[in-house]
Amino acid sequence: KAEETLLQLKKEFPQNIEVLKTVIGFYEERGNQEKAIQLIKELVENEPENGVAQFILAQEYIRNENREGFLNALPSIIASPDIQVPEKMQLLKHMYSLPNIDQTFVMELSKSLAETHKNSAESLTFRAEVLSQTGQTKEALRFYREAIKNNSSEFRLWTSVLGFESAHKDYQALYEDAQDAMSYFPTLPFVYYAAAEGALFTDKPEEALE
């Protein structure tokens with residue numbers, strides 16, 4: 001009876017992560033993991049855009065060290081609005097632990113993540129980091145700034161963007177963003193140092209001294 005109920009719930013709520021986890025747990029507790037995985041695979045085959053099912057399946061692929069299955073599941077998971085950013089970042093972290101990951105694949109995933117979660121600091125900074133790694137510094141800076149615009153009270157984001165601008169000698173951007181940072185964090189020395197550096201290299205020596 002319990003099995004019938006769970007299968008009916010799976011049918012009615014194919015994108016409910018707790019339902020799918022319960023179904024898997026039910027079979028695993030009875031030593032029938034293959035049955036659990038097969039049910040999720042069938043769901044993925046019938047609904048390839050179902051990111052939740054793909055997420056559950058990806059976790060099983062990780063557990064079983066199935067690299068190919070895991071990587072194949074990632075694009076649908078990253079594009080799914082039903083999976084939260086922290087869960088996606090957890091999978092991306094695992095991806096980076098694998099050898100020989102194609103950079104083009106990573107670039108597409110970062111683009112999809114940023115498009116799906118336009119207001120998330122994590123998704124936007126991940127996109128910025130990937131762009132920076134391929135030398136696209138101007139586009140990377142655009143995403144760093146977008147992350148700050150939506151999350152201006154997070155000091156760690158300001159340290160990332162100001163540090164990025166300083167490292168890439170974009171002193172005009174450093175000067176402008178440091179001015180904004182001072183309005184949010186008027187007592188923190190780091191933002192004043194960044195503002196001074198930006199002012200110094202944009203021909204504002206007196207302002208830099210202040």
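The values are calculated or read from the model by the stated rules, or taken from the named source; none is laboratory data. These numbers come from a predicted model, not from an experiment. Ideal geometry is used to build each Cβ from the backbone, glycine not excepted, and the neighbour counts take in all protein chains shown. The area values use the complete protein model at the heavy-atom level, side chains included, leaving out ligands, DNA and RNA. Shrake-Rupley method; radii C 1.70, N 1.55, O 1.52, S 1.80 Å.
Evaluate the Kirkwood expression for the hydrodynamic radius of the chain, namely the inverse of the mean inverse distance over all pairs of different C-alpha atoms, and round to one decimal in Å. Could you put the intermediate results ahead of the total?
On the way: mean 1/r = 0.0511 Å⁻¹.
Evaluated over the chain, this radius sits at 19.6 Å.
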Exercise. Among all lysine pairs in the chain that are eight or more places apart or on different chains, how many have alpha carbons less than 22 angstrom apart?
Worked result: 27
Seminar exercise, completed: Rounded to the nearest Å, the spacing of the alpha-carbon centers of region 141-182 and region 97-124 is 20
Exercise. Taking the alpha-carbon centroid of each part, what is the distance from region 188-210 to region 50-95 in angstrom?
Worked result: 44
Exercise. So what is the 222 nm mean residue ellipticity for the chain from helices alone, if each DSSP H run of at least 4 adds -39500 (n - 2.57) and you divide by all residues, rounding to the nearest 500 deg cm²/dmol?
Worked result: -24000 deg cm²/dmol
Exercise. So how tilted is helix 67-79 from the main axis of the chain? Cα-based, degrees 0 to 90, rounded to 10.
Worked result: 70
For this session: Could you pull the accessible area for E34 with a 1.4 Å probe, rounded to 10 Å²?
Result: 150
Exercise. Using the alpha-carbon atoms, what tilt in degrees (0 to 90, nearest 10) does helix 103-116 show relative to the longest principal axis of the chain?
Worked result: 90
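Note down the Stokes-Einstein diffusion coefficient of region 45-144 in µm²/s, whole number, using a Kirkwood radius over alpha carbon pairs, 25 °C, and 0.890 mPa s.
Working: Rh = 13.8 Å.
Here the translational diffusion coefficient equals 178 µm²/s.
Rounded to whole Å and ordered largest first, report the semi-axes of the equivalent ellipsoid of region 44-97 derived from its Cα gyration tensor (root of 5λ).
16, 14, 8
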Exercise. Of W158, A178, F13, which is farthest on the positive side of the dipole of the chain, counting Cα position, with +1 on Lys and Arg Cβ, -1 on Asp and Glu Cβ, and the Cα centre as origin?
Worked result: F13
Problem set entry | Magnitude of the charge dipole, the chain, Cβ model with Lys/Arg +1 and Asp/Glu -1, debye to 20 | 360
Seminar exercise, completed: Placing each pseudo-label 7 Å from Cα in the direction of the beta carbon, I101 and R63 end up separated by a distance in nanometres of 2.2
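For region 90-166, what is the relative contact order in percent, using Cα pairs closer than 8 Å and at least 6 residues apart in sequence?
21
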Exercise. Any idea what angle helix 2-12 forms with the longest principal axis of the chain, computed on alpha-carbon atoms, 0 to 90 degrees, nearest 10?
Worked result: 50
